[in-house]
Amino acid sequence: MTADSLLLVLVFFPLAGSLLALGAGYQPRLCRWVSLILSLMQMALISLLFFLDLQPHSGPTGTWLLAVDYPWLEGIGARFSLGLDGLSLLLLWLTAFLTVISVLISWTAINLKVGLFHFFLLFLEGCLMGLFMATDLLLFYLFWEIQLIPMFFLLGIWGHARRIYAAVKFVLFTFGGSLFMLIALLVLYVLHGHQTGEYTFSLYQLSQTPLSPTVEGWLYAAFLLAFAVKIPLVPLHTWLPDAHTEAPTAGSVDLAGLLLKTGFYAFFRFAFPLFPGAAQASIPLLLALGLVGMFYAAWIALAQTDIKRLVAYSSIGHMGLMVLALGIWNLMALSGSLLQLFNHGISTSALFVMVGMLDERLGSRNFQDMGGLWQQMPVFSAFFLFFALSSMGLPGLNNFVGEILILLGAFQIRPLIAVLAFVGVLLTVIYILRMVQDSLFGESRRVQPLRDVTPREVLILAVMALPVLYIGLHPGPVLRLFESSLQVMWGQFPMLARSLGG
Amino acid sequence: MLIHWLDILPLLILSAGGLAIFGAGAFLPRRPSWVLFGLASLTALGAGLAALLMAPGSAAFLGMVDLGSYSRFFTILLMSITLLSLFFLHRYAQVRNFAGDELFALMIYAALGMVLVAAAVHWLIFFLGLELLSLSLYVLIASRRRETTALEAGVKYFILGAVASAFLTFGIALLYAATGTLEIKASLAGVSQAVPMPLYFLALSLIFVGIGFKISLVPFHLWTPDVYEGAPAPVTAFLSTGSKVALFAALLRLALNLGEPAWEMAWPVLWVLAVLTMALGNITAVYQTKVKRLLAYSSVAQMGYLLMALVAVKQGSLPALLFYLTVYALMDLGAFGILGSLSEPQADLDELEDFQGLGFSHPWRSAVFACCLLSLAGLPPTAGFLGKIFLFWALIKADCLILAVIGITTVVFSIYYYFKVLTSLYLRPRRREFLITPPDLAVGLASGAIFLLVFLLGIHPGPLWSVIEQISIFLSR
């Protein structure tokens, strides 16, 4: 057994674990512990990979740190092939980390159908593991679609009042968007087969398909639609605030921290290498969509009275900046953008966790019921301030590093865009500060005293604060991981490097 | 001339089995339903095994019944459908007091008709098989004689089915007049100067209308929701899978044998009907509030997907079609079968509200039901997902991109109504107490098998796919 087969374990361990959690569901306490231990084991396994000193090596599916490749559907040439590079490694770690957090924050909040809940959490983890490593397009599509099912149930069974509306809307948007990607994917597959005589879904081989600009444009548009819904980019974002508002806290964490990442990741991993020409042509569109996303999200966020909705819109704003960085496409902006992907997963999830805690205590997420929390819950408030500051990009914390890299990268090529993006970042500061002010400071409008955070909650928050500080103070190792991934990618997809530079 | 009777052993077993059930009904005192059920199951099992294990010596029996791998494949598939339907039916009929000998014998005779329809290479056998199938189904649908809805459904299916048969008979007669032969292959392929074209096309359209009725293509689908709703749910499962699979197998054979000029005229018609069937089936299903009607429209739409790939049958979509037919049979049978099992003795659960909370009070059967729904919707990792992938792959390979895009657009609609049912099952609170009969071993076996197969074919379809590819290669030679 080589280290490569570890990738299989990473996918199938949580999937098998999910069944175990389901089986343990008859006893909620046992089920929670089982899920916690399983998710911790998964996280330990992934952390182990950081210390293995992996070097990129090339194989039949491209150049990866680790790769596996097995036959799967031989009739049509789809293979079970996974590949790991620096970006996927970090996203895998984030997935495992947030799953642990999700189990921990649901410890007391979820008392209904506990087994099923943890089944879906771990099942989702397994799907995402596969998604972040798939290098076969059909396999990727499989994982991309499966992840809808656990999310639908997490939203729909354990959500708040309008959960059914939100869950159905979520499914319709994401499924509707991705079906056209399926068609585009099959067209690409057939075109490649016609030209080379070899029918394959391998990303590496499909990226070498010469396409006429018109065809490439259409196929890219179909991919763009699917990923833009998931990211979400602004005209297609309306499912997100609803889903977030109605989701249980663990659902919000998974949604913001993981599911949104899949859209951006797929963009970066698949859409760009497969259609470099169209991607280059779409740069103005990406820049515009990114900017619109930032400004629109800030504008709407300022008008929110529900704190969870505000965080949801801040999420859209952050994703806008990352998409903008895709449009800049130089090493600096891209590393910043990938780093932001990770940062957003930590900071926004932490904010959702805290909003969830607040909701448990207040029974409301409305700003009218808040104010003066600092006097009653000092520990909670300190953490809340910390993550809010991280989210708006305070120097020394994680988001600052990513944002400054994106802005600097943008200044090198497109100064005007950089200025606009800078304004967008400033707007983030405004609404985040307003959120902090309306909730933590001012006069308390409540009579009953509020309980401060419990030891379990302190543990969760402290654990989440660690990566925030680490990346803020010492981003070097993580950035090197991204840079090496990017360089491998440019070496691997020469057409991409030629079209977009790098 | 020596007649190789053993070549048609599955047909002989079915005929004898049907007679044995009638005999047992006539002569056994008190007619215990488990004996009848056991006889019927053994007959279906025996016929299926005979088709699976015995390789016939010749290509066709007296030039009437195809004995090749194509018809063996469908015999096995149809026997599996029959067996699973019987498993769902027995308990249902027992609780509701209509588990008589005529029920089980007619199931077997309907199955015989299906096999004949799928294997016929002669119009006479095709017509005989279809009539045997239809007559048995008329009675089966109305087998709960005290239920007015069942009677209404039976009469409706009878009248429309009789009209369809009339179309078909007239079409076959005209085809005979035009070509002078009743052999399916010769009558379809040979378009010489002597054949009067208008007559030939009229004949073909009449036959197509007849088949279109039976597999409920738009605009001949109007009977479907009423009949599906009125018939006992396990019979609906049998009807919507068995008879459709058999007739689609026949339609496939016709399409493959159709000569060049006629096919050039036929495929645009198929194209338009496929679009209509997918669009109307899926959009109408969105507005349904009754689960049986919703599933009925969904099965109309599923036939539309199959018809869509039929357009590309001359460019190699046959393996995809066969795979999807198998998968369709499995998931639709599961959905209707479980629907029957999850019913109360007085009346089947039907309104969407009735299903609220069922997912947690009856978790096992609901899980199978949900899997079948997810598979019908085409979500991974179920068989329906791969089935759809294969269908669209075949279409795109044949350069039917526009049809594929239209098809996938209608799939978006279908997601909504499948999730509507899931929403009722799992997301909404329970409304009332259920008086659902507990399942017996047969229901457990059948639903367990369907559950496993739906996932197995979605993850590891390799074995089935290679069998299907061999059949297709054999047919296209």
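Quick one: go through region A:364-395 and flag any residue whose amide nitrogen is under 16 Å from the point 7 Å out along the Cα-to-Cβ line of residue A:433.
A:385-386, A:388-395
Over all distinct alpha-carbon pairs, what is the Kirkwood Rh of region B:5-476 in angstrom?
Working: mean 1/r = 0.0451 Å⁻¹.
Over region B:5-476, the inverse of the mean reciprocal pair distance is 22.2 Å.
Taking 0.36 nm per intervening residue step and subtracting the Cα-Cα distance, what contour gain separates residue A:198 from residue A:107 on full extension?
Taking 0.36 nm per residue and subtracting the Cα distance, the gain is 27.7 nm.
Please list, in chain and number order, the residues 5+ apart from residue B:67 or on another chain whose amide H is under 5 Å from its amide H, with Hs placed from the backbone.
Those qualifying (amide H under 5 Å, at least 5 residues apart or on another chain) are B:60, B:61.
Please list 3J(HN,Hα) in residue order for region A:467-472, calculated via the Karplus relation 6.51 cos²θ - 1.76 cosθ + 1.60 where θ = phi - 60°; whole Hz, with x for glycine and proline.
Result, rounded to whole Hz: x, 4, 5, 4, 5, x.
Provide the per-residue ³J(HN,Hα) series for region A:128-140, in order, calculated from phi with Karplus coefficients 6.51, -1.76, 1.60 and θ = phi - 60°, each as a whole number of Hz, with x at glycine and proline positions.
Karplus-based 3J(HN,Hα) across region A:128-140 equals 5, 4, x, 4, 6, 10, 5, 10, 10, 5, 6, 5, 4 Hz.
Which entries in the list A:169/B:244; B:214/B:290; A:261/B:420; B:292/B:388; A:113/B:420; B:214/B:420 go over 30 Å, if you measure between the two C-alpha atoms of each? Don't skip to the end; give the middle numbers.
On the way: A:169/B:244 34 Å; B:214/B:290 22 Å; A:261/B:420 28 Å; B:292/B:388 23 Å; A:113/B:420 21 Å; B:214/B:420 28 Å.
Long pairs (Cα-Cα over 30 Å): A:169/B:244.
Which residues' amide hydrogens lie under 5 Å from the amide hydrogen of residue A:59, considering only partners 5 or more residues apart or on another chain, with H built in the peptide plane?
For residue A:59, whose amide H was placed from the backbone, the distant partners under 5 Å are A:64.
For the residue pair residue B:314 and residue B:189, what label-to-label distance in nm results when each label sits 7 Å from Cα along the Cα-to-beta-carbon direction?
With each label placed 7 Å out from Cα toward Cβ, I get 1.5 nm.
Could you tell me the center-to-center distance, by alpha carbons, between region A:187-212 and region B:8-72 in angstrom?
Between the Cα centres of region A:187-212 and region B:8-72 lies a distance of 48 Å.
Per-residue counts of other Cβ atoms within 10 Å, averaged by peptide: what ranking do you get for B:5-14, B:334-343, A:89-98, highest first?
On the way: B:5-14: 19.8, B:334-343: 27.3, A:89-98: 23.7.
By packing density, highest mean first, the sequence is B:334-343, A:89-98, B:5-14.
What is the local net charge at residue A:83, summed over the other residues whose Cβ is closer than 15 Å to its Cβ (Lys, Arg +1; Asp, Glu -1)?
Numbers: positive: A:79, A:269; negative: A:4, A:69, A:85, A:136.
Computed value for this residue: -2.
Multiplying the sequence separation of residue B:436 and residue B:452 by 0.36 nm and subtracting their Cα-Cα distance, what value in nm do you get? Intermediate results must be reported in sequence, preceding the final value.
Values: separation 16, 0.36 × 16 = 5.76 nm, distance 2.39 nm.
Contour length minus the Cα-Cα distance gives 3.4 nm.
Within the P(r) computed for region B:368-477, what percentage of the Cα pairs occupies the region above 17 Å?
Numbers: 4067 of 5995 pairs.
The answer is 68 percent, as a whole percent.
Using the basic label-point model (7 angstrom from Cα toward the beta carbon), what is the residue B:399 to residue A:394 distance in nanometres?
Output for this residue pair reads 6.4 nm.
What list of ³J(HN,Hα) couplings, whole Hz, do you get for region B:266-272 from phi and the Karplus terms 6.51, -1.76, 1.60, once you set θ to phi - 60° and write x for glycine and proline?
7, 5, x, 4, 4, 3, 5
So how do B:87, B:360 line up by other beta-carbon neighbours within 10 Å, fewest first?
Details: B:87 25, B:360 15.
Lowest count first: B:360, B:87.
May I ask you to list the aspartates and glutamates whose Cα is less than 19 Å away from that of residue A:230, ignoring any residue fewer than eight positions away on the same chain?
Reachable aspartates and glutamates: A:125, A:145, A:242, A:246, A:254.
What is the calculated FRET efficiency for residue B:346 to residue A:162, with r their C-beta to C-beta distance and R₀ = 35 Å, to the nearest 0.05?
0.50
Tell me the label-point distance for the pair residue B:30, residue B:148, using the 7 Å Cα-to-Cβ offset, in nm and rounded to one decimal.
Taking the two extended label points, one gets 3.6 nm.
Pairs of Cα atoms under 8 Å, at least six residues apart: use those to get the relative contact order of region B:319-429, whole percent. Kindly include the intermediate steps, with their values, before the conclusion.
Details: 102 pairs, mean separation 39.0, N = 111.
Relative contact order here is 35 percent.
Distance between Cα centroids, region B:350-404 to region B:294-321: provide it in whole Å.
14
So who's got an amide H within less than 5 Å of the one on residue B:122, skipping anything under 5 residues away but keeping other chains? H placed 1.01 Å off N, in plane.
Amide H neighbours of residue B:122, under 5 Å, 5+ apart: B:184.
Can you give me the C-alpha center-to-center distance between region B:182-260 and region A:1-38, rounded to a whole angstrom?
50
Using Cα pairs under 8 angstrom and six or more residues apart, how large is the relative contact order of chain A, in percent? Don't skip to the end; give the middle numbers.
Numbers: 819 pairs, mean separation 70.8, N = 502.
Worked out over chain A, it gives 14 percent.
According to the square roots a ≥ b ≥ c of the eigenvalues of the Cα gyration tensor, what is the shape class of region A:436-475, taking rounded for a/c under 1.5, prolate for a/b larger than b/c otherwise, and oblate for the remainder?
Values: a/c = 6.88, a/b = 1.80, b/c = 3.83.
Judged from the Cα gyration tensor, region A:436-475 comes out oblate (a/c at least 1.5, b/c at or above a/b).
Can you tell me the order of B:166-173, B:302-309 when each peptide is scored by its average per-residue count of other Cβ atoms within 10 angstrom, highest first?
Numbers: B:166-173: 18.0, B:302-309: 26.4.
The peptides rank, most packed first, as B:302-309, B:166-173.
Excluding residue B:352 itself, what net charge comes from residues whose Cβ is under 14 Å from its Cβ, given Lys and Arg +1 and Asp and Glu -1? Each step should come with its number before you reach the end.
Values: positive: B:290, B:292, B:293, B:420, B:428, B:430, B:431, B:432; negative: B:229, B:348, B:350, B:351, B:353, B:354.
Once all neighbours under 14 Å are counted, the net charge is +2.
State, as an integer percentage, the relative contact order of region B:5-476 based on alpha-carbon contacts under 8 Å between residues 6 or more apart.
On the way: 775 pairs, mean separation 67.7, N = 472.
The value is 14 percent.
Based on the Cβ-Cβ distance from residue B:474 to residue B:412, what FRET efficiency comes out when R0 is 41 Å, to the nearest 0.05? Spell out each step's value before the answer.
Numbers: r = 37 Å, r/R0 = 0.90.
After rounding to 0.05, the efficiency reads 0.65.
Rule-based calculations on the coordinates, nothing more; no lab input. What you see is a predicted model; the values in this text were computed from it and never measured. Quick reminder, even Gly has a Cβ in these numbers, built from the backbone with ideal geometry, and neighbours come from all protein chains shown.
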